[in-house]
1. Expressed as an acute angle from 0 to 90° and rounded to the nearest 10, what is the orientation of the C-alpha long axis of helix 2-15 relative to the principal long axis of the chain?
2. Select from 122, 78, 39 the residue whose mean-square fluctuation is largest in a Gaussian network model of the chain (Cα-Cα springs shorter than 10 Å).
3. Fully extended, how many nm does the chain gain between residue 18 and residue 155 (0.36 nm per residue separation, minus their Cα-Cα distance)?
4. Using DSSP to define loop residues, name the trypsin sites (Lys or Arg not before Pro) in the stretch 44-153 whose beta-carbon has at most 11 other beta-carbon atoms within 10 Å.
5. Working out 0.36 nm times the residue gap between residue 133 and residue 43, then minus their Cα-Cα distance, what length gain in nm do you get to one decimal?
6. Could you work out the relative contact order of the chain, using alpha carbon pairs under 8 angstrom and six or more residues apart, expressed as a whole percent?
7. Test of understanding: what is the full-extension gain from residue 99 to residue 73, defined as 0.36 nm times their sequence separation minus their Cα-Cα distance?
8. Less than 13 Å apart at the alpha-carbon level, and either on another chain or at least 8 residues along: which aspartates and glutamates does that give for residue 43?
Amino acid sequence: HNAYVTKFNAAITKLKDAGLPTWKEDPYKIIQKFEDVPADVRKTIRDNGGGYVNHQLFWLNMAPPSDAGQPSAPLLNAIQSSFGSVDALKEKFSTEATNVFGSGWAWLTLDQNKHLKIIATANQDTPVMVGSLPILGLDVWEHAYYLKYNNRRPEYIKNWWS
């Protein structure tokens, strides 16, 4: 995570001249304005800014099983409306995560129309880049699971839920 932050911060110095906010002001705005980022730092912002934003949410959402709880009533209602049940959400999310080609992420997002969606992104791309609000994200880069699960991504995903 620190490597993403360090490289993202280095790229931010080049953004000040473009009139974009600095990282300390709001990293999400930089990602949201990704298309406005100067070409010479766009890849660094995409890879490292995306990595920062994605991992920030990933670490905030992680908890030991003893601390895990149920979704709040409004979120539970939205899940039931969109997917039928929490179990159906987990199944669809797990399938999306399993099917990510190469490295990337699976997401539960709130789209611009305020609908829950499950999507996947490649590498360190983030739903923020397309105007969606990430609610839950799962890192399916091999570095996230290889030491414990080798190439058994579906097992990692199944155990991530518990």
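The numbers here are math on the coordinates, done by the rules we state, and not lab data. The structure displayed is predicted, hence computed values, not measured ones. Quick reminder, even Gly has a Cβ in these numbers, built from the backbone with ideal geometry, and neighbours come from all protein chains shown.
1. It is inclined by approximately 40 degrees.
2. Highest fluctuation of the listed residues: 39.
3. Numbers: separation 137, 0.36 × 137 = 49.32 nm, distance 4.47 nm.
Value of the extension gain: 44.8 nm.
4. Listed in order of number, the matching sites are 114.
5. Working: separation 90, 0.36 × 90 = 32.40 nm, distance 2.15 nm.
Taking 0.36 nm per residue and subtracting the Cα distance, the gain is 30.3 nm.
6. Numbers: 213 pairs, mean separation 32.8, N = 162.
It rounds to 20 percent for the chain.
7. Numbers: separation 26, 0.36 × 26 = 9.36 nm, distance 2.98 nm.
Contour length minus Cα-Cα distance gives 6.4 nm.
8. 35, 125
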